[in-house]
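*Asks:* Below you'll find the structure I mean.
The values are calculated or read from the model by the stated rules, or taken from the named source; none is laboratory data. All of these numbers come straight from a predicted model, not from anything done at the bench. Cβ: placed from backbone, ideal geometry, glycine included. Neighbour counts: every protein chain shown. Note: accessible area is taken over every heavy atom of the protein model, side chains too, but ligands, DNA and RNA are not part of it. Shrake-Rupley method; radii C 1.70, N 1.55, O 1.52, S 1.80 Å.
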Amino acid sequence: MKIAFISDVHGNLEAFTAVCASIRYEQVDRVVFLGDIVGYGANPNECIELLQTLTGHSVAGNHDWAATGRQSTDSFNSVARDAIAWTCAQLSTVNKQFLMELPLTLEMNEFFCVHATPYMPGQWRYVYNALDAEDAFVTFKQRLCLIAHTHCPAIFVKRADTPVVRELSSQVTLHPGSRYIINCGSVGQPRDGDPRASYGIFDESCSQYYLVRVDYDVASVKKKILQAGLPDFLAHRISVGR
Ligand code: ZN
């Protein structure tokens with residue numbers, strides 16, 4: 001079985017459509033969505049509707065709940081807050097209901113899936129480095145924890161009682177004695193310096209996880225963001241991947 005992990009679409013329909021085509025090409029059996037389908041981008045409703053055709057396995061991101069009022073935007077910067085106000089005004093009632101009902105975590109066989117961190121998932125903390133990962137490893141029991149939220153792909157490995165190591169490669173063959181925290185990056189707003197859409201695939205048959213990068217029409221998305229009256233910065237950052 002092949003499972004695709006996707007996250008942080010943020011209303012970017014062009015990136016999401018390109019990733020859906022890649023998922024079909026990769027012949028994936030199941031898709032898990034790790035949160036933030038809306039916020040920042042110009043097509044929140046269309047992205048929710050596309051997600052619903054793709055999978056029933058989804059968790060909430062902070063932007064998903066903020067756009068429904070379930071989560072406060074006090075901790076958001078002004079650009080994110082403006083984008084949430086815009087998104088909230090665009091969302092249909094049924095799509096808001098869908099976002100509001102997304103759970104914070106999902107446990108599936110050997111996977112623990114969450115947008116931010118496996119501990120206090122509703123506090124929306126970040127796992128940026130091996131030290132952050134060290135704290136997180138003690139708070140879930142499964143072999144793999146799939147996360148998102150930073151918009152930067154990463155693989156953290158814990159072998160027995162040795163310190164957590166960050167894999168430098170974007171793919172890894174899973175060892176029976178190790179546990180993993182994996183961030184699949186962002187479909188709609190990557191921030192690792194590579195503007196291509198990012199998602200991850202776990203291939204059970206060979207016990208391998210690998211990252212996939214997908215080109216899409218960034219220029220159209222920039223134009224849409226500006227035409228919608230969303231902050232200019234949001235149009236700029238998707239072309240540089242920061
Ligand atoms: Zn996000």
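*Asks:* Can you pull out every residue in the stretch 154-172 that is without any contact (Cβ under 8 Å) to a residue 40 or more places away in the chain, part of a strand (DSSP E or B) and of a type outside the set (Phe, Trp, Tyr)?
*Replies:* ALA154, VAL157, LYS158, ARG159, VAL165, ARG166, VAL172
*Asks:* I need the full set of residues from the stretch 98-126 which are open to solvent by 60 Å² or more (accessible area, probe 1.4 Å) and closer than 20 Å to HIS10 by Cβ, in order please.
*Replies:* Answer for the stretch 98-126, where residues must be open to solvent by 60 Å² or more (accessible area, probe 1.4 Å) and closer than 20 Å to HIS10 by Cβ: MET100, GLU101, ARG125, TYR126.
*Asks:* Just checking, which of HIS149, HIS175 is in a loop (DSSP other than H, G, I, E, B) and in contact with a His (Cβ under 7 Å, 6 or more places away or on another chain)?
*Replies:* Checking each option against the conditions leaves just HIS149.
*Asks:* I'd like to verify a number: residues in the stretch 204-226 that are surrounded by 12 or more Cβ atoms within 10 Å (Cβ to Cβ) and more than 30 Å from ASP82 (Cβ to Cβ), how many?
*Replies:* Final tally of qualifying residues: 7.
*Asks:* Within the group ALA83, ALA89, which residue is among the hydrophobic types (A, V, I, L, M, F, W, C) and buried (at least 17 other Cβ atoms within 10 Å of the Cβ)?
*Replies:* Going through ALA83, ALA89 in turn, just one is among the hydrophobic types (A, V, I, L, M, F, W, C) and buried (at least 17 other Cβ atoms within 10 Å of the Cβ): ALA83.
A quick yes/no check of all residues on (1) open to solvent by less than 30 Å² (accessible area, probe 1.4 Å); (2) touching a strand residue (DSSP E or B) at 6+ places or on another chain (Cβ under 8 Å):
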site	(1), (2)
GLU14	no, no
CYS20	yes, no
ILE23	yes, yes
GLY35	yes, yes
PRO44	yes, no
LEU51	yes, yes
GLY56	no, no
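*Asks:* Specify which of the listed residues (PRO190, PRO121, PRO163) is in contact with a Leu (Cβ under 6 Å, 6 or more places away or on another chain) and either modelled with pLDDT of 95 or more or more than 16 Å from the ligand (Cβ to nearest atom) (or both).
*Replies:* PRO121
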